[in-house]
1. Report every pair of residues separated by at least 6 positions or lying on different chains whose Cβ atoms are under 6 Å apart, first residue within the stretch 68-81 and free of Cβ contacts under 8 Å to residues at least 40 places away in the same chain, second open to solvent by 10 Å² or more (accessible area, probe 1.4 Å).
2. Looking at the stretch 9-17, can you tell me whether even one residue there is within 22 Å of Leu147 (Cβ to Cβ) and either acidic (Asp, Glu) or open to solvent by 60 Å² or more (accessible area, probe 1.4 Å) (or both)?
3. Got a sec? Which strands (runs of 3 or more DSSP E) wholly within the stretch 1-97 have at least 1 residues that are within 12 Å of the ligand (Cβ to nearest atom), at pLDDT 95 or above and farther than 15 Å from Gly139 by Cβ?
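The values are calculated or read from the model by the stated rules, or taken from the named source; none is laboratory data. Source: prediction; values computed, not measured. Here the Cβ is made from the backbone with ideal geometry for all residues, glycine too, and neighbour counts use every protein chain on show. Side chains included, ligands, DNA and RNA excluded: accessible areas come from the protein's heavy atoms. Shrake-Rupley method; radii C 1.70, N 1.55, O 1.52, S 1.80 Å.
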Amino acid sequence: MTNDASAGRGTILVLNGPNLNLLGTREPAIYGSATLADVEQLAAASAERLGFRADCIQSNHEGDLVDAIHEARGKAAGIVINAGAYTHTSVAIRDAISGVSIPTVEVHISNVHRREEFRGHSYLSAVSEAVIVGAGVKGYELAIEFLADKLARA
Ligand code: CA2
């Protein structure tokens, strides 16, 4: 979903990875009750409030996420990414983030450090400006606020 209402300060790409299309349908104790559409609306409203446009993309495919990051070059001022399980496996997404030099914030809805040990390692954290975990879907709003603040100071 793209929100075209306000693009004064540019676009923030909001990327969601595998299985996040199932948000709100199962596992509410871990991920809450908000749906992906709710998350994208929250991101669009947060971006618009701060003078940006949110370009929201969800894919279950690693290469699609890599392509979306590449396509952000010259278009997006910042990236918010919840790469889902690819967080813990994907050197390709890490290299894409590092290759485009766009300030990126990694978001996880759940507190990955309170869960299985494998979720405690992220390939993306070292190439991200900030990491927000365990704040629920509010994490997307916090990430956009962080990027807006950072871009205002750049
Ligand atoms: O906490 C997060 O945001 C995660 O990125 C979510 C991923 C998980 O693999 C990461 O370790 C942490 C999984 C998203 C799956 O979302 C579902 C939502 C409802 C029902 C089933 C899956």
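1. Every condition considered, the pairs that remain are Arg73/Val100.
2. Yes, the conditions are met somewhere in the stretch 9-17.
3. Counting at least 1 such residues, we get 53-58.
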